[in-house]
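Bear in mind these aren't lab numbers, they're just calculated from the coordinates by the rules spelled out. Quick caveat: nothing in here was measured; it's all calculated off a predicted structure. Cβ placement follows ideal geometry from the backbone for every residue including glycine, while neighbour counts extend to all protein chains displayed.
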Amino acid sequence: MTSKTMPVPEQHFVNGNPLQGPFDSHLQRAVLGLGCFWGAERRFWQIEGVFSTAAGYAGGNTPDPDYRAVCSGETGHAEVIQVIFDPGVVSYRELLRVFWESHDPTQGMRQGNDVGTQYRSVIYTGDEAQNNEALQSLASYQSDLGAAGLGTITTRVEALDTFYYAEEYHQQYLAKNPAGYCGLGGTGVSCG
């Protein structure tokens, strides 16, 4: 389910594709939380086969949240990105590889200097196939991290309830503000 109450641009600032659906039936959606959504969104819009990306919120108990409410820690929402992709060009598995390698999934409720429940690592799945693939990739990457002497993954894999779009100024933020903050960083361990 997707909420459309937050006014957002019609087009993606970088590639001009629609930011909101309905999307063509051959396209699929991934919703991922890996810390601050600015750098995460940039990382995914650069992937061939990604049709559109959007910054947003998911996983909480407050309908139609805004940035200030999410930052309060009282909504339960995480900062996430919605990735609309063509599975004929890029697989969900490949998106998960990028997800794991782009952040440190062992940090709990933080990523680097960004601390709070909204920065947790999470994969929100749209169906059983995505759920199974996400759980398999988590187990595989945990093995890779363990072999490298790193900690236990704290990433949650949960069914997506509702994706809420973030405010307009968050959408494709680092394309509009190239010198903007990006705390995204991985562990240096490849996802096998």
At what distance in nm do the modelled label points of THR106 and ASP64 sit from each other, each positioned 7 Å from its Cα along Cα→Cβ?
4.3
Helix by helix through the chain, keep the DSSP H runs that span 15 Å or more along the axis on Cα and average at least 1.6 on Kyte-Doolittle, and give those back in order.
none
If you take every DSSP beta bridge whose two residues both sit in the chain, what share of them, in percent to the nearest 5, is antiparallel?
80
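Per DSSP H run of n ≥ 4, the term is -39500 (n - 2.57); total these for the chain, divide by its residue number, and report the mean residue ellipticity at 222 nm rounded to 500 deg cm²/dmol. Before the final figure, lay out each step's value.
Numbers: 5 runs with 48 residues, N = 192.
After summing the helix terms and dividing by residue count, I get -7000 deg cm²/dmol.
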Apply 1/(1 + (r/R0)^6) to the Cβ-Cβ distance of ASN113 and ASP86, taking R0 = 41 Å, and write down the FRET efficiency to the nearest 0.05.
0.75
HN-Hα J couplings of the stretch 102-117 from phi, Karplus 6.51/-1.76/1.60, θ = phi - 60°, integer Hz, Gly and Pro as x?
8, 8, 9, x, 9, 8, x, 8, 6, 9, x, 7, 8, 10, x, 4
Take every Cα pair under 8 Å in the chain that's 6+ residues apart, average their separations, divide by the length, and report that relative contact order as a whole percent.
33
Using the beta-carbon distance between GLU48 and GLU10 and R0 = 25 Å, what value does 1/(1 + (r/R0)^6) give for FRET efficiency, to the nearest 0.05?
0.60
